[in-house]
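K.L.:
I am attaching a structure below and will ask some questions about it afterwards.
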Amino acid sequence: MSCSILVTGGAGYLGSILVPELLRAGHKVTVLDNFLFKQTSLNQCVADPAFDVVRGDVRDSALVGKLLAKADLVIPLAALVGAPLCKQDPVGATSINLDAQLALVKALSPQQGVLMPITNSGYGVGETGKFCTEDTPMRPLSLYGIHKVEVEKAVLDHGNAISFRLATVFGMSPRMRLDLLVNDFTYRAVTDRFVVLFEGHFKRNYIHVRDVARTFLHGIDLFETMKGRPYNVGLSEANLSKLELCARIQAHVPDFVYLEAPVGEDPDKRDYIVSNERLEATGWRPAFPLDTGLAELVKGYRMIRNTVYSNV
């Protein structure tokens with residue numbers, strides 16, 4: 001069934017993959033974005049009469065209210081994404097990631113649905129050998145994670161909503177990000193041929209950006225049966241430590257060398273493994289394994305040589 005969808009931050013890393021897929025599925029899509037990174041990642045969409053784009057700020061409540069009035073569903077992607085960027089600009093992070101999101105949720109009518117991306121970094125530090133499920137207490141360590149956990153509660157209290165707790169995303173995108181862990185390590189492997197790891201035993205889960213887009217489409221199709229709950233979104237075969245990840249990258253870049261530093265700490269302290277069984281029980285399965293994404297990244301980095309593609 002076709003619906004009218006507002007995507008805030010729709011020209012970003014995930015949005016520039018998701019928006020064309022929403023249009024392809026027959027939905028009408030309006031994107032609100034401030035084009036902070038001067039990206040032209042939605043150029044391919046402008047010929048589609050079902051696509052519209054508004055340059056603006058998600059903190060502009062009057063503008064958001066005007067756009068919400070025309071929407072059946074909202075996908076709020078607009079954010080300062082990642083712990084380092086939020087630490088660098090805590091005021092911006094609070095106003096965009098928390099205040100604007102809470103205001104958006106408050107402005108929704110009971111009939112309007114929302115599919116909210118959350119980070120599974122909210123699990124913080126897990127118990128060794130024990131999978132984090134959606135019932136595991138959230139213990140976020142970063143400002144980014146703290147805001148996301150608070151927004152998730154508000155979204156689920158709204159009722160007509162699905163929360164997706166995203167694993168660390170990887171893969172090529174028209175609005176590329178090099179600062180994500182898999183993307184970063186692979187870039188270093190291709191360009192520098194080495195990386196030094198801090199606390200290489202820390203584990204986390206990963207997911208391809210195209211599989212994240214597929215998850216939102218899946219959520220739209222099964223909205224009535226899935227709503228009201230959070231869902232972990234990750235590759236069940238990719239609960240990996242940084243050392244294990246580097247070994248997988250080395251299979252694609254044989255002269256890549258990685259070393260673990262004997263001293264020093266990783267400022268990102270999260271360390272956990274994640275169960276994705278709840279989402280998989282709805283019939284969803286990933287289509288892009290880790291090695292598929294790594295092969296894409298290696299090819300992509302033969303073209304990209306510019307750190308403008310990082311968020312910090």
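Quick note: the coordinates plus some simple rules give every number you see, no bench work behind them. This is a predicted model, so every value here is computed, not measured. All Cβ positions, glycine included, derive from the backbone under ideal geometry; neighbour counts span all protein chains shown.
K.L.:
Residue by residue through region 132-147, which ³J(HN,Hα) values in whole Hz follow from phi under the Karplus form 6.51 cos²θ - 1.76 cosθ + 1.60 (θ = phi - 60°), with glycine and proline marked x?
P.N.:
For region 132-147, the Karplus-derived couplings read 7, 10, 5, 8, 5, x, 7, 9, x, 9, 10, 4, 4, x, 4, 5 Hz, x marking Gly and Pro.
K.L.:
Determine the dipole magnitude for the chain: charges of +1 sit on the beta-carbon of Lys and Arg, -1 on that of Asp and Glu, nothing else is charged, the reference point is the Cα centre, and the result goes in debye to the nearest 20. Before the final figure, lay out the partial values.
P.N.:
Working: 33 positive and 34 negative charges, 97 e Å.
Roughly 460 debye, rounded to the nearest 20.
K.L.:
Please state the relative contact order of the chain as a whole percent: Cα pairs under 8 Å, 6+ residues apart? Write down the numbers at each step before the final one.
P.N.:
Working: 596 pairs, mean separation 60.1, N = 312.
Computed over the chain, the figure is 19 percent.
K.L.:
Which GluC sites (Glu not before Pro) does region 90-161 hold that lie in a coil by DSSP with at most 14 other beta carbons within 10 Å? Let's see the in-between values first.
P.N.:
Numbers: sites: Glu127, Glu134, Glu150, Glu152; in loops: Glu127, Glu134.
Of the GluC sites (Glu not before Pro), the ones in loops of region 90-161 whose Cβ has at most 14 other Cβ atoms within 10 Å are Glu127.
K.L.:
In Å and from the alpha-carbon atoms only, list the Rg and Dmax of region 246-312.
P.N.:
Final numbers for Rg and Dmax: 16.4, 44 Å.
K.L.:
Considering the Cα positions of the chain, please state its Rg to one decimal place and its Dmax as a whole number of Å.
P.N.:
Taking only Cα atoms of the chain, I get Rg and Dmax of 18.7, 57 Å.
K.L.:
Sticking with this structure for a sec: Search the structure for amide H atoms under 5 Å from the amide H of Val257, placed 1.01 Å from N in the peptide plane, and list their residues when 5 or more places away or on another chain.
P.N.:
Correct list: Phe194, Val195.
K.L.:
Go through region 254-312 and name the trypsin sites (Lys or Arg not before Pro) that are in a DSSP coil and have 12 or fewer other Cβ atoms within 10 Å of their Cβ.
P.N.:
Here the trypsin sites (Lys or Arg not before Pro) that fit, given the DSSP loop and packing criteria, are Arg302, Arg305.
K.L.:
Tell me, what is a quarter of the convex hull surface for the C-alpha atoms of region 1-85, in nm² with one decimal? Can you show the working numbers first?
P.N.:
Details: hull surface 22.4 nm².
For region 1-85, the mean projected area of the Cα convex hull comes to 5.6 nm².
K.L.:
When the helix-only estimate is applied to the chain (DSSP H runs of n ≥ 4, each -39,500 (n - 2.57), divided by the residue count), what is the mean residue ellipticity at 222 nm, nearest 500 deg cm²/dmol? Could the numbers behind the result be given before it?
P.N.:
Numbers: 12 runs with 103 residues, N = 312.
-9000 deg cm²/dmol, from helical runs alone.
K.L.:
Around Tyr231, which amide H atoms from residues at least 5 apart in sequence, or from another chain, sit under 5 Å from its own amide H, with H modelled in the peptide plane?
P.N.:
Ser163, Phe164, Arg165
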